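Let me begin by presenting the structure, written as structure tokens, before commenting on it.
The values are calculated or read from the model by the stated rules, or taken from the named source; none is laboratory data. In this text, all values refer to a predicted model and were calculated from it rather than measured experimentally. FYI the Cβ positions are ideal-geometry reconstructions off the backbone, even for glycines, and counts take in every protein chain you see.
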Amino acid sequence: MVAGLDTDQLGTFTGEVKRPADQLETARRKARWAIDHTGARYGLSSEGSFGPHPQIPFVPVGLEVAVFIDSQERVEVVERLWCTETNFAHLTLSDLSLPDTFLDRAGFPSHALIVSPSCAQGPFCKGIQDRDGLRVAIATSIDTHDTAFVQTDMRAHLNPTRQRCLRQLAERLAARLLTYCPLCAARGWGVVDHQIGVPCEWCGSETELIAADVFGCARHDCTHEETKRRQEQASPASCPRCNP
Ligand SMILES: [Zn+2]
Ligand SMILES: [Zn+2]
């Protein structure tokens with residue numbers, strides 16, 4: 001059902017509207033909003049964020065979060081997906097020479113671009129998918145503000161790469177909704193946390209590697225959890241003491 005909700009009220013990628021909460025909470029609010037607005041039993045939403053990879057700063061990465069809510073059973077399922085396959089990119093221009101390498105990396109024109117005077121300042125010319133429109137937008141921005149900030153349009157309907165990530169995320173969410181809590185049989189049983197700290201096989205000190213996955217129930221009043229260990233010992237290569 002299309003409820004006619006303007007989710008831009010919960011933040012935009014370009015920042016004209018700031019996200020009122022963190023990524024997960026924003027996704028949660030969207031799903032709840034849909035339920036409140038339509039009276040439907042189920043709410044489903046997703047929220048993406050893009051930036052430098054937390055460990056490899058020059059590699060861009062996307063984090064997609066999906067939230068499913070069953071308002072009747074009071075179930076909330078959260079799935080996350082890190083996407084290293086992303087076209088997320090931007091650059092600042094002071095003349096009309098936009099390099100083809102940038103356009104290739106951005107996947108233009110099958111993927112849209114946004115032009116604005118700077119990353120934080122509008123007007124934002126969004127959804128550009130043709131060379132003439134792009135040239136005009138850049139020229140206008142340089143004429144009026146001396147610079148043009150060109151960035152990939154990360155809205156899903158204009159970004160096939162992101163659509164592929166969202167498909168993968170949706171498949172994971174669907175699989176999770178077919179997994180039931182071993183104690184109360186609620187939908188959405190799955191990994192809710194990780195425990196890090198696999199001991200190094202040489203010196204025994206804790207590494208940053210994930211030692212165990214914590215599985216949990218998605219129903220608000222069921223606290224059932226099960227921990228599954230991944231590995232008992234870590235190679236010294238991952239040890240901060242043996243291989244600093
Ligand atoms: Zn349960
Ligand atoms: Zn060690």
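General observations
- Any hit, region 168-175, residues being part of a loop (DSSP other than H, G, I, E, B), within 24 Å of A27 (Cα to Cα), away from ligand 2 (no atom under 16 Å from the Cβ) and touching a residue at least 40 places away in the same chain (Cβ under 8 Å): no
- Output for region 119-162, where each listed residue is more than 21 Å from E85 (Cα to Cα) and assigned to a strand (DSSP E or B): C125, K126, I128, A148, F149
- Looking only at region 61-118, and only at residues there that are part of a loop (DSSP other than H, G, I, E, B) and touching a residue at least 60 places away in the same chain (Cβ under 8 Å), the one that is nearest to H220 (Cα to Cα): R74
- Yes/no for A174 being in the same structural domain as T227 (by TED's automatic domain parsing), within 27 Å of the chain's Cα centre (by Cα) and either of a type in the set (A, V, I, L, M) or away from ligand 1 (no atom under 16 Å from the Cβ) (or both): no
- In region 196-244, residue nearest to E76 (Cα to Cα) [restricted to those that are surrounded by 15 or more Cβ atoms within 10 Å (Cβ to Cβ), of a type in the set (A, V, I, L, M) and within 11 Å of ligand 2 (Cβ to nearest atom)]: V198
- Considering region 176-195, and only residues there that are outside any loop (DSSP other than H, G, I, E, B) and of a type in the set (A, V, I, L, M), the residue that is farthest from ligand 2 (Cβ to nearest atom) turns out to be L177.
- Any chance G127 is more than 16 Å from ligand 2 (Cβ to nearest atom) and crowded, with 17+ Cβ neighbours inside 10 Å: no
- Candidates are the residues of region 207-225 that are touching an Asp or Glu at 6+ places or on another chain (Cβ under 9 Å) and within 16 Å of ligand 1 (Cβ to nearest atom); the one that is nearest to D193 (Cα to Cα) is V214.
- Qualifying residue in region 70-78 (condition: over 17 Å from the mean Cα position of the chain (by Cα), closer than 29 Å to A137 by Cα and loosely packed, with under 13 Cβ neighbours inside 10 Å): no
- With respect to the conditions (1) under 24 Å from D8 (Cα atoms); (2) in contact with a Lys or Arg (Cβ under 9 Å, 6 or more places away or on another chain), V150 falls short on a single one, namely (2).
- Breaking point among (1) under 27 Å from T7 (Cβ atoms); (2) over 20 Å from the mean Cα position of the chain (by Cα); (3) in a loop (DSSP other than H, G, I, E, B), for G204: (1)
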